[in-house]
1. Can you find a residue in region 159-172 that is in contact with a strand residue (DSSP E or B) (Cβ under 9 Å, 6 or more places away or on another chain), assigned to a loop (DSSP other than H, G, I, E, B) and closer than 21 Å to residue 66 by Cα?
2. Return a yes/no flag: does region 16-30 have any residue that is touching a strand residue (DSSP E or B) at 6+ places or on another chain (Cβ under 7 Å), under 18 Å from residue 144 (Cβ atoms), buried (at least 18 other Cβ atoms within 10 Å of the Cβ) and in contact (Cβ under 8 Å) with a residue 40 or more places away in the chain.
3. Within region 133-155, can you find the residues that are more than 18 Å from residue 92 (Cβ to Cβ), touching a helix residue (DSSP H, G or I) at 6+ places or on another chain (Cβ under 9 Å) and buried (at least 19 other Cβ atoms within 10 Å of the Cβ)?
4. Name the single residue that is farthest from the chain's Cα centre (by Cα) among those in region 140-158 being in a strand (DSSP E or B) and closer than 14 Å to residue 80 by Cα.
5. Out of region 68-93, which residues are over 14 Å from residue 201 (Cβ atoms) and crowded, with 19+ Cβ neighbours inside 10 Å?
6. If you scan region 156-175, which residues turn out to be within 19 Å of residue 190 (Cβ to Cβ) and crowded, with 22+ Cβ neighbours inside 10 Å?
7. So which residues in region 178-189 are over 17 Å from residue 118 (Cβ atoms) and either in contact with a strand residue (DSSP E or B) (Cβ under 8 Å, 6 or more places away or on another chain) or part of a helix (DSSP H, G or I) (or both), if there are any at all?
8. Give the residue that is surrounded by the most Cβ atoms within 10 Å (Cβ to Cβ), with candidates limited to residues of region 176-197 that are more than 15 Å from residue 40 (Cβ to Cβ), touching a helix residue (DSSP H, G or I) at 6+ places or on another chain (Cβ under 9 Å) and modelled with pLDDT of 90 or more.
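The values are calculated or read from the model by the stated rules, or taken from the named source; none is laboratory data. This one's a predicted model, so the numbers in the text were calculated from it and none came from an experiment. In this analysis, Cβ positions are derived from the backbone assuming ideal geometry, glycine residues included, and neighbour counts consider all displayed protein chains.
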């Protein structure tokens, strides 16, 4: 049960990966192993299932997609690490809050090794550094299984975040890791994060 397959998808359109996650979840059974997918998306705004479209503040050339995850609006783009967790949480004995905290903790512990002090927020899921949002969390639970996950801003253009109200929060700034420390090696960060995330799930 503890083994988790990790897949690196490269850069792929969010709509395509979302469809793959839904298909994977619909087809899985008790014998299906858990997976974690790492991916980078071309520029896209995503709205959660019950998100308020008014949180998209301005029109742009960036596509807007309403997905089936929880949460409000966020932005995905090049230079961001997106981690999708396709887990049988019922089999693993995980509650939704426990899963959210595991994702947040993996980011907090990883950036701590780079000298950055971060924390999660129970009232607004995600990871924050001095009040600025570094990572966004959004999950979907179906048939006792999770998909979607967490997105960490590594070395990306933050300008599109000015066109939305990130996660529906007023006056919340967004930050990226390269502005907080010397962390330009995204492959190294991904491996560091993967190791901590897997340790949390397989302990």
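1. Yes.
2. yes
3. Taking region 133-155 first, the residues more than 18 Å from residue 92 (Cβ to Cβ) are 133-136, 138, 151-155.
Next, only the ones that are touching a helix residue (DSSP H, G or I) at 6+ places or on another chain (Cβ under 9 Å) stay: 133-136, 138, 152-155.
Selection gives 133, 134, 135, 136, 138, 152, 153, 154.
4. In the first step, residues of region 140-158 are kept if they are in a strand (DSSP E or B); the result is 140-142, 145-153.
Filter once more, so that each one left must be closer than 14 Å to residue 80 by Cα: 149-153.
Details: 149: 4, 150: 1, 151: 3, 152: 6, 153: 10 Å.
My answer is 153.
5. 69, 71, 72, 73, 74, 75, 76, 77, 80, 81, 82
6. 156 - this is the single residue of region 156-175 that is within 19 Å of residue 190 (Cβ to Cβ) and crowded, with 22+ Cβ neighbours inside 10 Å.
7. Restricting attention to region 178-189, the residues satisfying the condition of being over 17 Å from residue 118 (Cβ atoms) are 184-188.
Hits for region 178-189 are 186, 187, 188.
8. The selected residue is 197.
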